[in-house]
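J.: Submitted below is the structure of interest, expressed as structure tokens.
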Amino acid sequence: MSVWRDVIGQDSAVATLQRAVAEPGAMTHAWLLTGPPGSGRSVAARAFAGALECPQNGCGECRECRTAVDGTHADVDLVATEGLSIKVEQARELAAMSALRPSVGPWRVIIIEDADRLTERAADALLKAIEEPVARTVWILCAPSLEDVVITIRSRSRHVRLRTPPVEAVAELLHRRDGIEMPMALYAARAAQSHVGLARRLARDEGARIRRRDVVALAGRIHGVGDAVGAAADLMSIADEESTAAATERDVAERQRLMEMLGADPTARTQPPHIRSQISSLEKEQKARATRHSRDVLDRSLVDLLSVYRDALVVHSGAGLGLVNQDSIREVQALARSMSPEQLLGAMDAIGTARERIGLNVAPLLALEAMAITLRVPR
């Protein structure tokens, strides 16, 4: 067994990282792992950290490997923001942390799973620490692409590109690691377009499968402006419902824990100022997390919607490519009959534009309505 066992479909990237572990001349102080969502950037980063800390360069069995991968190793620090960005205050804390020598292992490893969410000021705060690294400190930054990372950071990091893993490899991982039956694992891997985390969720959550089917079905139901406005509202509703369902129980538990830590009476009608301040800070964090989660769910819904038009284009062309939505073949064929290849490409462009606009903080509903009007299917 190896620490790399769950890094699937990334032979070239793994070979590069293994060589850095084994050969001092191939090692550097800052790494940038890029790849499409679901390609396993954070999994590869944790595996790399485990291999660096392991006396056997990544056996996968020892305490160093296990704790590095699960995020509990004393010298491996994991940063994954739940908000829309990584703020300058957090970056300054990381810079200070990087100056500390490792306590139990040979390396201090700092993994930033969302390096694309560093603000420019936050990136500036990290720059000196990355430019003038302390001996035995390694930075591992993860992002979807090079262009998503501030140029001053990416120019000082060694780049390793990950690719989308094959559907079969994702299905095999779900079967081996999570005990999911192979037919369901194959469906989930295909529907998630090889996004490992989403595939696991689709395989285990019937509600997620139902929501995805609802999104796929929207493509054939938009005929007029009224339908377009309704479809946009439906997409927002799906995102908000999922975000609320994911957040409600967690938010209540976090508030309860905070009140216990502060020794506050949760039944009191008013709280002292210092407790109100702490509660207000927690609520702001929870709101930022909910906003990000809603945007992420919405973006995933748009990716699912995009896959329907992609499949219709494949049907049009007669290319022997596998369909993402094989289980919705009737809807795909109906869309292919109703729209020309040019119209399908235009629809895909409109979805891409909506994703970009939402990423730039345009009001999501407005971006969705503009997109949906372009997606109208001729009667």
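J.: Collect the residues in region 13-56 that are small (Gly, Ala, Ser) and out of contact with any Lys or Arg (no Cβ under 8 Å at 6 or more places or on another chain), keeping them in residue-number order.
T.: Residues satisfying the conditions are ALA15, ALA20, ALA22, GLY25, GLY38, GLY40, SER42, ALA44, ALA45, ALA47, ALA49, ALA51.
J.: Turning to a different aspect of this structure: Does region 254-273 contain at least one residue that is free of Cβ contacts under 8 Å to residues at least 24 places away in the same chain, farther than 30 Å from ARG379 by Cβ and of a type in the set (Val, Ile, Thr)?
T.: yes
J.: Continuing with this model, one more query. Filter region 109-140 down to the residues that are under 18 Å from PRO36 (Cβ atoms) and either open to solvent by 30 Å² or more (accessible area, probe 1.4 Å) or aromatic (Phe, Trp, Tyr) (or both) and list them by number.
T.: Result: GLU113, ASP116, ARG117.
J.: Just the residues that are open to solvent by less than 10 Å² (accessible area, probe 1.4 Å) and either farther than 17 Å from TRP107 by Cα or without any contact (Cβ under 8 Å) to a residue 60 or more places away in the chain (or both), please, taken from region 45-57.
T.: Passing the criteria: ALA47, GLY50, ALA51, GLU53, CYS54.
The rows are residues; the columns are (1) in a helix (DSSP H, G or I); (2) free of Cβ contacts under 8 Å to residues at least 12 places away in the same chain; (3) touching a strand residue (DSSP E or B) at 6+ places or on another chain (Cβ under 8 Å); (4) open to solvent by 70 Å² or more (accessible area, probe 1.4 Å).
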site: CYS142; (1), (2), (3), (4): no, no, yes, no
site: VAL160; (1), (2), (3), (4): no, no, yes, no
site: GLU172; (1), (2), (3), (4): yes, no, no, yes
site: ARG176; (1), (2), (3), (4): yes, yes, no, yes
site: PRO183; (1), (2), (3), (4): yes, yes, no, yes
site: TYR187; (1), (2), (3), (4): yes, no, no, no
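J.: Here is a further query. Which number in (1) open to solvent by 40 Å² or more (accessible area, probe 1.4 Å); (2) touching a residue at least 40 places away in the same chain (Cβ under 8 Å); (3) basic (Lys, Arg) marks the one condition that ARG212 misses?
T.: (1)
J.: Looking for something of a type in the set (Gly, Ala, Ser), in contact (Cβ under 8 Å) with a residue 24 or more places away in the chain, under 29 Å from SER194 (Cβ atoms) and buried (at least 17 other Cβ atoms within 10 Å of the Cβ) - is there at least one such residue anywhere in region 7-14?
T.: Within region 7-14, one or more residues are of a type in the set (Gly, Ala, Ser), in contact (Cβ under 8 Å) with a residue 24 or more places away in the chain, under 29 Å from SER194 (Cβ atoms) and buried (at least 17 other Cβ atoms within 10 Å of the Cβ).
J.: Another question about this same structure. Hey, can you tell me all the residues within region 297-313 that are more than 14 Å from the chain's Cα centre (by Cα) and open to solvent by 30 Å² or more (accessible area, probe 1.4 Å)?
T.: Scanning region 297-313 gives LEU306, ARG310, LEU313.
J.: As an exercise: evaluate ARG269 against (1) in a helix (DSSP H, G or I); (2) open to solvent by 30 Å² or more (accessible area, probe 1.4 Å) and give the number of the one condition it does not meet.
T.: That leaves (1) as the condition not met.
J.: Give the number of residues within region 189-209 that are surrounded by 17 or more Cβ atoms within 10 Å (Cβ to Cβ) and either of a type in the set (S, T, N, Q) or not in a helix (DSSP H, G or I) (or both).
T.: Of the residues in region 189-209, 4 are surrounded by 17 or more Cβ atoms within 10 Å (Cβ to Cβ) and either of a type in the set (S, T, N, Q) or not in a helix (DSSP H, G or I) (or both).
J.: Moving on to the next point. From (1) touching a residue at least 60 places away in the same chain (Cβ under 8 Å); (2) open to solvent by less than 10 Å² (accessible area, probe 1.4 Å), pick out the condition that doesn't hold for HIS29.
T.: (2)
J.: Could you list all residues from region 61-108 that are over 28 Å from THR291 (Cβ atoms), open to solvent by less than 10 Å² (accessible area, probe 1.4 Å) and either at pLDDT below 90 or not in a helix (DSSP H, G or I) (or both)?
T.: ASP75, VAL76 - these are the residues of region 61-108 that are over 28 Å from THR291 (Cβ atoms), open to solvent by less than 10 Å² (accessible area, probe 1.4 Å) and either at pLDDT below 90 or not in a helix (DSSP H, G or I) (or both).
J.: Identify, from the list SER281, SER294, the residue that is crowded, with 17+ Cβ neighbours inside 10 Å and either within 26 Å of PRO37 (Cβ to Cβ) or under 29 Å from the mean Cα position of the chain (by Cα) (or both).
T.: The conditions single out SER294.
J.: In region 318-362, what residues are open to solvent by less than 20 Å² (accessible area, probe 1.4 Å), in a helix (DSSP H, G or I) and either free of Cβ contacts under 8 Å to residues at least 24 places away in the same chain or of a type outside the set (Val, Ile, Thr) (or both)?
T.: Result: SER328, LEU335, ALA336, LEU344, ALA347, ALA350, ALA354.
J.: Out of region 144-158, which residues are without any contact (Cβ under 8 Å) to a residue 12 or more places away in the chain and among the hydroxyl-bearing types (Ser, Thr, Tyr)?
T.: SER155, the sole residue that qualifies.
The values are calculated or read from the model by the stated rules, or taken from the named source; none is laboratory data. Values in this document were obtained by computation on a predicted structure and should not be read as measured data. As a convention, Cβ positions derive from the backbone with ideal geometry for all residues, glycine included, and neighbour counts pool all protein chains shown. These area figures cover heavy atoms from the full protein model, side chains too; ligands, DNA and RNA do not enter into them. Shrake-Rupley method; radii C 1.70, N 1.55, O 1.52, S 1.80 Å.
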